[in-house]
Amino acid sequence: MLLQLSAQGKIESAKEYIDEIIGSGQKLVIFIKHKVIVDLLKKEYPKAVCVTGQENAVQKQSAVDSFQNNPATNIIICNYKAAGVGLTLTASSELLMLELPWTQADCEQAEARCHRMGQPNSVRATYLLGDNTLDQWMYDIIQEKKAIANAITGTEDEIPVSMINKVMDL
């Protein structure tokens, strides 16, 4: 419930960002978690298409096809679970993470929807976070989990002592 309230509090800022992106003629992929946020966005942007888990397979594919091929379809609203893997959304190089998932892997998978073979542009993922909010706390947790995973797998050249202590505490 707190995460929903946090996301609802970001809608006005999200609208400013969305309007700026689509106003510049670009398409935008928006990732969310909660259905109530989808409903709020659809109210503001009724021509947006969705892949959120509420759609069947045919509707999901139709939404993706419209976003990829129809110049008039400039927003796709995606749920991390329903659209986080297997979709190609290279019609956009802009992503907005309006709500955060619980893992860095989900963030990376969401970003990978646009950053795929055939994407001619650099992809920019924007995370809409509020200072000193639940969002910031979640983002910090995601980054900490990523650092721990990197330390364990050896993907970082230098592992800070504090990170080793955290791994040992696990």
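See the values below:
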{"read-out": "Virtual spin-label span in nm between Glu20 and Thr88, 7 Å along Cα→Cβ", "value": "3.1 nm"}
{"read-out": "Rounded tilt (10° steps) of 134-153 against the dominant C-alpha axis of the chain", "value": "60 degrees"}
{"read-out": "Rg/Rh (Cα only; Kirkwood hydrodynamic radius) as it applies to region 1-95", "value": "0.94"}
{"read-out": "Between helix 35-44 and the chain: long-axis angle, C-alpha atoms, 0 to 90°, nearest 10", "value": "40 degrees"}
{"read-out": "Kirkwood hydrodynamic radius over Cα pairs of the chain, then Stokes diffusion coefficient at 37 °C and 0.692 mPa s, in µm²/s", "value": "194 µm²/s"}
{"read-out": "Solvent-accessible ranking of Leu40, Leu100, largest area first, probe 1.4 Å", "value": "Leu40, Leu100"}
{"read-out": "Lysines whose Cα lies under 19 Å from that of Lys27, excluding same-chain neighbours fewer than 8 positions away", "value": "Lys15, Lys42, Lys43, Lys47, Lys60"}
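The values are calculated or read from the model by the stated rules, or taken from the named source; none is laboratory data. Because the structure is predicted, anything quoted here is derived from the model rather than measured. Note: ideal-geometry Cβ built from the backbone for every residue, glycine included; neighbour counts use all protein chains shown. What goes into the accessible areas is simple: the full protein's heavy atoms, side chains included, and nothing from ligands, DNA or RNA. Shrake-Rupley method; radii C 1.70, N 1.55, O 1.52, S 1.80 Å.
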